[in-house]
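The values are calculated or read from the model by the stated rules, or taken from the named source; none is laboratory data. Owing to the predicted nature of the structure, the values given are computational and were not obtained by experimental measurement. For neighbour counting, all protein chains shown are included, and Cβ atoms are generated from backbone atoms with ideal geometry for every residue, glycine included.
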Amino acid sequence: MNLTKELPIPFPVLVTNGQQLIIDFNEYFKGTELPTVQKGQPLIDYFDQWVPSGDFHIAYYNDHKYLLVSKTYQHHEQKHYMYILLNGEHYVDLLEKVKELGKYNRELDAIIESSYDGFYITDHQGTTLKVNSAIERITGIPREYYIGKNIKYLLEKGILTESVTLKVLEKKEAVTVVQKNHNQMETMLTGSPIYNEAGEIEKVVTNIRDLSELNNLHEQLKKVQQLNDQYKHELERLKAHKNLDPEVVIKSKKMEELFQVAERLANVDTTVLVLGETGVGKDVFTRHLYRVSNRYDTGKLIKVNCGAIPKDLLESELFGYESGAFSGASRSGKPGMFELADRGFLFLDEVGELPLDLQVKLLRVLQEKEIQRVGGTDVKKVDVRVIAALTRT
């Protein structure tokens, strides 16, 4: 065969026999970087490296890459091979990119497959392209069942009660819904559109999360919080016993119940009125109430016997006075009992002895949490818990 005459191909072309020995070649080999081609020589001897791959072969010589396209044919009942020599630079680069793309695809497949959430991928018509194995755990249906099936078909079969994919295709944006599947398992589905270069939806990727375990964790957390509240309450009780007045000895069942009431009222910031005859321990009860409360760590317990202080001095003792408020007043003024008891307790014993005008000022303190010193114009905020006691019942 005369390749130059019979095959006028403007590329280097050669023919080998079944042993890959060159038996013919055309004149275009003269323009290549390869050594001078001679008949009877093995083809692969002209290259530094030869990588066969079906009808395509990659060969390397010095820094050059070649692509040889081969074709097998019979000539006089003998097997011959025809090779067309082409520049293989672009082909090799393309193979590298395909190899790299395959690597990325395998990594992406591994990521999707290892996800604990279900992944469901469809095309722009809602036909299922890919799912991961988590789908089987969530739905109880083999993953192979979904491949190639349209979302509308799955809706008709009752496998899906609501389609996020169709909503994404309709709204052209990400959509999230919470629903129960055919196994009555609560799931959260988030569908996201994938756009092509023209801005059209090409695929829809849906993430399916099993909420049953999350709900179980929420219930467990709720129980732990309840248990924590119980422990906190018990710690408060232990703290109350730790702060008990060592001089107080309780034997009476009624008195134990009364002191337990004090423990329950300790951190309820409200005014308490203690009634009882003289000598029954109203001040002891108040001291216990103070010791088991949170205010024990932040303020003082100030005691005032309203019946033992002259009425004309009672106002200045309770609310304090400014400099020059009256004759004999301190030049620097004086804080009252309410100020001294700030963030603590003020025990007003015999509160019934307060004059009516002072009772009005006391009401202002209880309601507005503010005082005004005698002779002063400024109003001061105070944080005081008042415990009042009366002898008569």
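Figures for the structure shown
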| item | result |
| --- | --- |
| Any hit, segment 14-32, residues being among the hydroxyl-bearing types (Ser, Thr, Tyr) and free of Cβ contacts under 8 Å to residues at least 12 places away in the same chain | no |
| Given (1) touching a strand residue (DSSP E or B) at 6+ places or on another chain (Cβ under 8 Å); (2) under 30 Å from residue 172 (Cα atoms); (3) surrounded by fewer than 16 Cβ atoms within 10 Å (Cβ to Cβ), number of the condition residue 101 does not satisfy | (1) |
| Residue match in segment 87-96 (condition: modelled with pLDDT of 90 or more and in a strand (DSSP E or B)) | yes |
| Test: residue 113 is under 26 Å from the mean Cα position of the chain (by Cα), farther than 27 Å from residue 215 by Cβ and free of Cβ contacts under 8 Å to residues at least 40 places away in the same chain | no |
| Residue count for segment 205-235, restricted to those that are among the hydroxyl-bearing types (Ser, Thr, Tyr) and free of Cβ contacts under 8 Å to residues at least 40 places away in the same chain | 2 |
| Members of segment 273-293 that are β-branched (Val, Ile, Thr) and either touching a residue at least 40 places away in the same chain (Cβ under 8 Å) or in a loop (DSSP other than H, G, I, E, B) (or both) | 274, 278, 280, 286, 292 |
| The one condition in (1) under 30 Å from residue 156 (Cβ atoms); (2) modelled with pLDDT under 90 that residue 131 fails to fulfil | (2) |
| Residues located in segment 145-165, provided they are of a type in the set (D, E, K, R), in a helix (DSSP H, G or I) and modelled with pLDDT of 90 or more | 152 |
| Members of segment 166-204 found to be free of Cβ contacts under 8 Å to residues at least 24 places away in the same chain and part of a helix (DSSP H, G or I), listed by number | 170, 171 |
| Matching residues in segment 301-344 - criterion: being free of Cβ contacts under 8 Å to residues at least 40 places away in the same chain and charged (D, E, K, R) | 312, 317, 331, 334 |
| Residues (of a type in the set (Phe, Trp, Tyr) and not in a helix (DSSP H, G or I)) located in segment 27-63 | 47, 50, 56, 60, 61 |
| Enumeration of residues in segment 100-132 that are closer than 29 Å to residue 198 by Cβ and either assigned by TED's automatic domain parsing to the domain that holds residue 65 or part of a helix (DSSP H, G or I) (or both) | 100, 101, 102, 103, 104, 105, 106, 107, 108, 109, 111, 112 |
| Test: residue in segment 157-170 that is surrounded by 16 or more Cβ atoms within 10 Å (Cβ to Cβ) and hydroxyl-bearing (Ser, Thr, Tyr) | yes |
| Selection from segment 111-152 of residues that are of a type in the set (Phe, Trp, Tyr) and touching a Gly at 6+ places or on another chain (Cβ under 9 Å) | 120 |
| Meets criteria (of a type in the set (A, V, I, L, M) and over 23 Å from residue 94 (Cα atoms)) for residue 51 | no |
| Residue under evaluation residue 18, criteria (1) of a type outside the set (S, T, N, Q); (2) in a helix (DSSP H, G or I); (3) more than 30 Å from residue 141 (Cβ to Cβ), criterion not met | (2) |
| Which numbered condition residue 135 fails, given (1) assigned to a strand (DSSP E or B); (2) under 24 Å from residue 106 (Cβ atoms); (3) within 28 Å of the chain's Cα centre (by Cα) | (1) |
